[in-house]
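> The following block contains the structure, expressed as C-alpha cells.
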Amino acid sequence: MTVLLTGGAGFIGQHLARRLVGGGHEVAALDLLHPQVHADPDAAVAAFPGPVVVGDVADPAAWNGLPDGVTAVVHLAAETGTGQSMYETERYHRVNVEGTRLAAAFARDRDAALVSMSSRAVYGEGRYECAEHGTVFGGRCCAAAEPVASHEDDPHHPVSVYGETKSLAEATAADEAGAAVPLTVVRPQNVIGPGQALHNPYTGVLAAFLAMLREERPLTVYGDGHQTRDFVHVADLAALLAWAVEHPAAAGSPRVLNSGTGVRTSLLDLADAAIAGSPLPSPGVTHLDVHRAGDIEHACADLARGREAGAPAPTWTARDAIVDFIRWSWDKPGAGAAAWDDALDELARRGLTS
Ligand code: UD1
C-alpha cells in the first residue's frame, strides 16, 4: 500500500508525502534530484518520509527497481519553467511527455491508480466573456472582453512550449492508462509556499520578488502589472492531491480537476503582499517594458467541479499564502536577484522577449 511520488523530493512532493504519511499511507519517491531544483539533494532526501529512488522519469530504466506494493502513483516530476521551455524544447518534451507516458505505463502494469500533475498552462490565455462576442477562448476578442475563470472542459490553447507539453502529456496519460487505470489529472495554477526552490530562477515571479526584497531592490514588474495569476498555497494543492489518491476516479473515465483559489491577484497586488511579508522597508516596484515569449496575461481557476465532487476547498487566500512564503523563506539560502536578471537576459539573447 505505497504511494509512489515522482518528483517527490520537490516542495509539492514533500508537502504531499507528509500529508499522506499522516493519513496512514506509505510513500516512496522517484526523483532525479536535478541540480536546477535541488541545491542540497541530501537534505531533500532526508526530508522525504520514505525511500527515494534516484532516476529520470523519462528513462525507462528508472522505472525498474521501484518498491513492490505501489497502489497509486502521483506523477509530479516535470520541467516547469515557462520561459526556459521556449528554448529547451527537446528536454521539456522528453521529460514532460515521455515521462508521463512511462508513469501511466507503470501504473497500468502495477494495477495502480494515477494522479497526474498537469498545469493551467494548457488553457493559455484562457476564457474571456464579452458583451459583443460571448464566451471566447485563448485570448481577448476585443477591448470589451473580461478575463474569467477557466473550467476543466475549456479547450486547450497553450502559448508556451511548457503548456504544449502539459497538454500533450494529458492526452498521453489518458491513452497509455487506457480503460484499466483510474486517472485523475490535476491542473494547478501558480503554486507557492514553504520549501519552494529559491535558487532556481525558473520557479516563478514570487521567488524572484523574494530575492529582490532581500537585497532591498525594487521588484521588477514586467509591463504595467495588471496581469493576473491565481496563487495557490502548496498545502491546499497537497490536500487536493491527497484527496484524489484517496478517492480515485472510475477506471476508464479520466477526471480533470483544477487547483487554485478561484481569485485573481494582479502582479501589483502580488508585489504589495510580498512587501508586506518582508521585515525590511519597502523598496517599491519598478516596471520593465518587457514581454517574455510564452507569457500569458490572465489566469484563474474555476473550482466548481472539485466542489461538486467533494474535493477539499482551498483554505489559504493568495495574500496570506504570499506572506507565508516570504516569511518562511526569508532566512533560507537562495540565489541572488542577479540570477533572475540573467534568466531574462538569456531570453532576450535568444530573441524570446519583446
Ligand atoms: C507558472 C509556473 C508554471 C505553472 C504556471 C501555472 C514558473 C516558472 N512557472 O507560470 O510551472 O504551471 O505558473 O499558472 O513558475 N514576472 C514579473 N517579474 C519577474 C518575473 C515574472 O513581472 O521578475 C511576470 C511574468 O511576466 C508573468 C508573471 O510574472 O506575467 C508570472 O510569471 P511566472 O511566475 O514566471 O510564471 P507563469 O508563466 O505564471
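> For region 152-177: of the residues being in contact with a Pro (Cβ under 8 Å, 6 or more places away or on another chain) and within 18 Å of V74 (Cβ to Cβ), which is most open to solvent (accessible area, probe 1.4 Å)?
A174
> Consider region 202-254. How many of its residues are more than 8 Å from the ligand (Cβ to nearest atom), closer than 25 Å to H75 by Cβ and part of a loop (DSSP other than H, G, I, E, B)?
Number of matching residues: 8.
> Additional query: Suppose we keep only residues that are small (G, A, S) and within 27 Å of S150 (Cα to Cα) within region 183-205. Which one would you say is most open to solvent (accessible area, probe 1.4 Å)?
For region 183-205, the residue satisfying everything is G204.
> Only residues that are closer than 22 Å to V37 by Cα and among the hydroxyl-bearing types (S, T, Y): list them for region 67-117, please.
The answer is T80, T82, S85, Y87, T89, Y92, T100, S116.
> Quick one: which of A208, A180 is surrounded by fewer than 20 Cβ atoms within 10 Å (Cβ to Cβ) and among the hydrophobic types (A, V, I, L, M, F, W, C)?
A180
> Residues in region 141-151 that are free of Cβ contacts under 8 Å to residues at least 60 places away in the same chain and either open to solvent by 20 Å² or more (accessible area, probe 1.4 Å) or not in a loop (DSSP other than H, G, I, E, B) (or both): how many?
Result for region 141-151: 5.
> For region 97-148, name all the residues that are basic (K, R) and more than 30 Å from D31 (Cα to Cα).
Scanning region 97-148 gives R127, R140.
> Could you give every pair whose Cβ atoms fall below 7 Å, whose first residue belongs to region 313-324 and is under 16 Å from N258 (Cα atoms) and among the aromatic types (F, W, Y), and whose second residue is at pLDDT 95 or above and open to solvent by less than 80 Å² (accessible area, probe 1.4 Å), counting only separations of at least 6 or pairs across chains?
W316/H233; W316/A235; W316/D236
> Same structure, new question: Output the number of the condition that A169 fails; it satisfies all remaining conditions of (1) more than 13 Å from the ligand (Cβ to nearest atom); (2) within 27 Å of A311 (Cα to Cα).
(1)
> Mind checking which residues of region 240-273 are in contact with a Lys or Arg (Cβ under 9 Å, 6 or more places away or on another chain), of a type in the set (A, V, I, L, M, F, W, C) and touching a residue at least 60 places away in the same chain (Cβ under 8 Å)?
If the condition is that a residue be in contact with a Lys or Arg (Cβ under 9 Å, 6 or more places away or on another chain), of a type in the set (A, V, I, L, M, F, W, C) and touching a residue at least 60 places away in the same chain (Cβ under 8 Å), then L241, A242, A244, A249, V256, L257, L267, L270 are the ones that fit.
> State whether the residues of region 8-27 include one that is buried (at least 23 other Cβ atoms within 10 Å of the Cβ) and among the charged types (D, E, K, R).
no
> Give the number of residues within region 179-201 that are under 30 Å from S282 (Cβ atoms), among the aliphatic types (A, V, I, L, M) and either more than 8 Å from the ligand (Cβ to nearest atom) or modelled with pLDDT under 95 (or both).
The total comes to 3.
> For a quick check of your reading: which helices (runs of 4 or more DSSP H) sit entirely within region 48-138 and have at least 3 residues that are buried (at least 23 other Cβ atoms within 10 Å of the Cβ), modelled with pLDDT of 95 or more and of a type in the set (A, V, I, L, M, F, W, C)?
By residue number, 99-109.
> Would you mind stating whether I275 is within 22 Å of F137 (Cβ to Cβ) and aliphatic (A, V, I, L, M)?
Against the criterion (within 22 Å of F137 (Cβ to Cβ) and aliphatic (A, V, I, L, M)), I275 does not qualify.
The values are calculated or read from the model by the stated rules, or taken from the named source; none is laboratory data. Note that this is a predicted model, so its numbers are computed, not measured. Note that each Cβ is placed from the backbone with ideal geometry, even for glycine, and that neighbours are counted across all protein chains shown. Each accessible area value is taken on the protein alone, full model and side chains, heavy atoms only, with ligands, DNA and RNA left out. Shrake-Rupley method; radii C 1.70, N 1.55, O 1.52, S 1.80 Å.
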